[in-house]
Amino acid sequence: MAHSQQHYNALRELFKGNQWSEETILAFCCLIEEAQGIPSTT
């Protein structure tokens, strides 16, 4: 749960202000890839 919550919070921070740059898009892709590797708790 802690890892998924950290990713959720990081993604919320990226979406804040809705300002997308190449750096933001790269960070978003990295967070999504990491989150996909987290095993489901259900």
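Summary table below
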read-out: Inter-residue pairs, beta-carbon under 8 Å, first free of Cβ contacts under 8 Å to residues at least 60 places away in the same chain and in region 29-42, second exposed (fewer than 10 other Cβ atoms within 10 Å of the Cβ), 6+ apart; value: Thr41/Met1
read-out: Subset of region 14-42 (residues that are surrounded by 11 or more Cβ atoms within 10 Å (Cβ to Cβ) and not hydrophobic (A, V, I, L, M, F, W, C)); value: Thr24, Glu34
read-out: Failed item, numbered, when Ile38 is tested on (1) modelled with pLDDT of 85 or more; (2) in a loop (DSSP other than H, G, I, E, B); (3) of a type in the set (A, V, I, L, M); value: (1)
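The values are calculated or read from the model by the stated rules, or taken from the named source; none is laboratory data. In this text the structure is predicted, and so the values were computed from the model without any measurement. Backbone-built Cβ (ideal geometry, glycine too); neighbour counts: all protein chains shown.
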